[in-house]
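Step one of this worksheet: look at the structure below.
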Amino acid sequence: MGQLDQDICYRALQTHDPRFDGRLFVGVTSTGIYCRPICPARTPKREHCRFFPSAAAAQEAGFRACLRCRPEISPELACSRGTSNSVSRALALIADGFLDREDGTVEALATRVGMGERQLRRLFEQHLGASPVAVAQTRRVLFAKQLIHDTRLSMAEVAMAAGFGSLRRFNDTFRTLYHRPPSELRRRNTRSAPDSPAVAPVTLHVSYRPPYDWEAMLAYLNARAIDGMEVVEDGIYRRTVSHDGEHGMVTVAHAPDRHALVSTIRFPSVRALHTIVTRVRHVFDVGADVSTITAHLAEDQTLAPLIASRPGLRTPGSWDGFELAVRAVLGQQITVEAARQLASKLVLLCGEPVHHATDPRLARTFPSPACVATVDLSRIGMPKSRRATLQALAQAALSNPRLFEPLGSIEESIAQLRAIRGIGQWTAQYIALRALRDPDAFPVTDIGILRGAASLVGVVPTAPELIQRAEAWRPWRAYAAQYLWTVDSTLRKPTEARDAK
């Protein structure tokens, strides 16, 4: 984000401007509290305000989160504020728990995104005002605070769900930050007897910055819903989920009045909650700063009318990198519906059963790499070459558990994927777009994208011509692709080009 303009920040605070929610936080020196710009509290005097580009920066400066505006539920803007690609990739890895692993050091994180540790720290300080460790710690603390406010989990369960090593460490952290034990942060009207997620579901709100095209997101998910593990109906998305060998379900609905998605999670272990919420964020692309993205893309006069007609369009992500890659391979050179049917057969063939399912239509999980690598794929009916690609993909995922994490650059990620037998340029770019969540991925050979471009300019461009035109769309080519996929979507079936290496 660079240096914040203090005058603009204070005007945003005075007017409670929602456009700045998630973009900046204000620390009030007279109270020691930091707030969102939309906080309903009386606006503090200018001389008492310090402005920060992230909650981590405010917390690292010694401020504690406001109990009224609740910074923990402000929208996260993963791809915004002029952050470098390296910082965006590092943030994505931190969100996935990279620094919570035994080998998850800042040095390892820097290596993963292709730079030195000192350079990564400098970029984090420049764009976020905080170190990578501070960002990870703040994320953990704020997630715990949300669980305290919005669920009936016990404090021990909250500590486990938020990734604290022990209840004692959890209590000490909150006493340091809030000058009170975490139990006192819980609302007085919350029922005293806590519920475990194994007994009752946990419901959390996942905020976004409006607008949000919920209908377009549901249409995308509905067209690809796999029988046995996904259902889209009555404006709600449901699916089975797996984590560390355990299975459960998640339901996602829209709460437009709160500018949030409502995620209801039923899972036997609280330790999975943060991972599941993170995956909801990925699938539904809640971190997109659509105002920044669309303002840039609308500079192309050809795209501008399309963007104006679809405000809030997001780029759907994936629940799991391996799952998305399998879907992409299954869909090579066939329609979305045909790919969906193949995926449904695969789930029926080797998806693990979900016991105690509350909906008989959600009875299986997506198959693991180990299963796909060894099962007889001829039983689902597809070409031998594609079966070989699926099993090569599964073997690659088994050999490299971090195969679907971003590397230092999109070019490195694409090269790593293309080294797998049967993964061509389209498939690799599509995986980068959906699974790696690279905002600049661009599967230029996709038939849907080429047709969309043709509808706008009157002639089907060649791939090199479109690549040249798309240079002006960087670093948001993935979002331009999503808009091109929507052109005349009501007049033709959803189709995406497929390749086979």
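Here, each number is a calculation from the coordinates, and none is a lab measurement. If you're wondering where the values come from, they're calculated on a predicted model, not measured in any experiment. With ideal geometry, Cβ positions are generated from the backbone for all residues, glycine too; neighbour counts draw on all protein chains shown.
With Kirkwood's inverse mean 1/r over C-alpha pairs for Rh, give me the Rg to Rh ratio of the range 274-381, two decimals please.
1.09
Above 20 Å lies some portion of the pair distances; for the range 299-442, what is it as a whole percent of all C-alpha pairs? Within the range 299-442, distances greater than 20 Å cover 52 percent of Cα pairs. Along its first, second and third principal axes, ordered by size, the range 85-185 spans 42, 24, 21 Å in Cα coordinates. Just round it to a whole percent: the fraction of Cα-Cα distances in the chain exceeding 29 Å. Cα-Cα pairs of the chain separated by over 29 Å account for 51 percent. Placing pseudo-labels 7 Å out from each Cα toward the beta carbon at Asn222 and Gln425 gives an inter-label distance of 3.5 nm.
Over the range 110-242, all Cα pairs binned in 5 Å intervals from 0 give whole-percent P(r) values of 2, 8, 13, 13, 13, 13, 16, 13, 8, 2, 0, listed from short to long.
I want to make sure I understand the PRE zone here: with the label point 7 angstrom from the Cα of Leu349 toward its beta carbon, which residues in the range 227-253 have backbone N atoms less than 13 Å away? In the range 227-253, the label zone of Leu349 (backbone N under 13 Å from the point 7 Å along Cα→Cβ) covers no residue.
Using C-alpha pairs under 8 Å with a sequence gap of at least 6, the mean separation divided by the residue count of the range 202-291 gives a relative contact order of 32 percent. In this Cβ point-charge picture (+1 for Lys and Arg, -1 for Asp and Glu), the chain has a dipole of about 800 debye about its Cα centre. In whole percents, the pair-distance distribution calculated for the range 202-291 from its alpha-carbon pairs, binned every 5 Å from zero, is 3, 14, 25, 25, 19, 10, 3, 0.
Along the axis of the charge dipole computed for the chain (Cβ charges of +1 for Lys and Arg, -1 for Asp and Glu, origin at the Cα centre), the listed residues Gln468, Pro44, Ala394 are led at the positive end by Pro44.
Per-residue 3J(HN,Hα) values for the range 55-64, derived from phi via the Karplus relation 6.51 cos²θ - 1.76 cosθ + 1.60 with θ = phi - 60°, read 4, 4, 5, 5, 5, 5, 7, x, 8, 10 Hz in sequence order (x marks Gly and Pro). Charging the Cβ of each Asp and Glu at -1 and of each Lys and Arg at +1, and nothing else, the dipole of the range 202-291 about its Cα centre rounds to 300 debye. Taken along the Cα-to-beta-carbon direction at a fixed 7 Å, the label points for Ile467 and Thr29 span 5.4 nm.
All other residues whose Cβ lies under 10 angstrom from that of Ser413 are scored, Lys and Arg at +1 and Asp and Glu at -1, for a net of -2.
Bridges between two residues of the chain, per DSSP, are antiparallel at a rate of about 85%.
Taking other residues whose beta carbon is less than 13 angstrom from the beta carbon of Leu377, and scoring Lys, Arg as +1 and Asp, Glu as -1, yields +4. If you add up the charges near Arg474, with Lys and Arg at +1 and Asp and Glu at -1, over every other residue whose beta carbon is less than 15 angstrom from its beta carbon, what do you get? Once positives and negatives cancel, what remains is -4. Applied to the range 329-346, the Karplus parametrisation 6.51 cos²θ - 1.76 cosθ + 1.60 on θ = phi - 60° returns per-residue 3J(HN,Hα) values of 5, 4, x, 4, 6, 9, 6, 4, 5, 5, 5, 4, 5, 5, 5, 5, 5, 5 Hz, with x for Gly and Pro. Placing R0 at 41 angstrom, the Cβ-Cβ distance between Arg11 and Thr335 gives a FRET efficiency of 0.20 after rounding to 0.05.
Among Glu60, Glu412, Glu230, rank each residue by its count of other Cβ atoms within 10 Å, from fewest to most, as a rough exposure measure.
Details: Glu60 19, Glu412 13, Glu230 22.
Ranked by crowding around the Cβ, least crowded first: Glu412, Glu60, Glu230.
Between the beta carbons of Asp172 and His356, assuming R0 = 60 Å, the FRET efficiency works out to 0.95 to the nearest 0.05. Shape analysis of the range 28-120 based on the Cα gyration tensor places the equivalent ellipsoid semi-axes at 30, 13, 13 Å, largest first. Fully extending the segment from Glu117 to Thr264, taken as 0.36 nm per residue of separation minus the present Cα-Cα distance, adds 49.1 nm. Given the rule -39500 (n - 2.57) for each run of at least 4 DSSP H residues, summed and divided by the residues of the chain, what is its mean residue ellipticity at 222 nm, to the nearest 500 deg cm²/dmol? Result for the chain: -12500 deg cm²/dmol, rounded to the nearest 500. Taking 0.36 nm per residue of separation and subtracting the Cα-Cα distance, full extension of the segment from Thr105 to Ile236 would add 43.3 nm. Here Ile449, Ile293, Ile236 are placed in order of increasing Cβ neighbour count within 10 Å, fewest first, which gives Ile236, Ile293, Ile449.
Rank the residues Arg271, Arg36, Arg112 as a footprinting-exposure proxy: fewest other Cβ atoms within 10 Å of their Cβ go first.
Lowest to highest Cβ neighbour count: Arg271, Arg112, Arg36.
Which one, Thr138, Ala55, Val87, is farthest towards the positive end of the dipole of the range 52-166 when Lys and Arg carry +1 and Asp and Glu -1 on their Cβ? Farthest towards the positive pole: Ala55. Cβ-Cβ distance of Gln301 and His205, R₀ of 41 Å, FRET efficiency by 1/(1 + (r/R0)^6): the value works out to about 0.60.
Overall form of the range 6-71: rounded. Here a/c, set by the Cα gyration tensor axes a ≥ b ≥ c, is under 1.5.
Taking only the C-alpha atoms of the range 409-472, Rg followed by Dmax gives 12.5, 37 Å.
Placing +1 on each Lys and Arg Cβ and -1 on each Asp and Glu Cβ, with no other charges, gives the range 85-185 a dipole about its Cα centre of roughly 200 debye.
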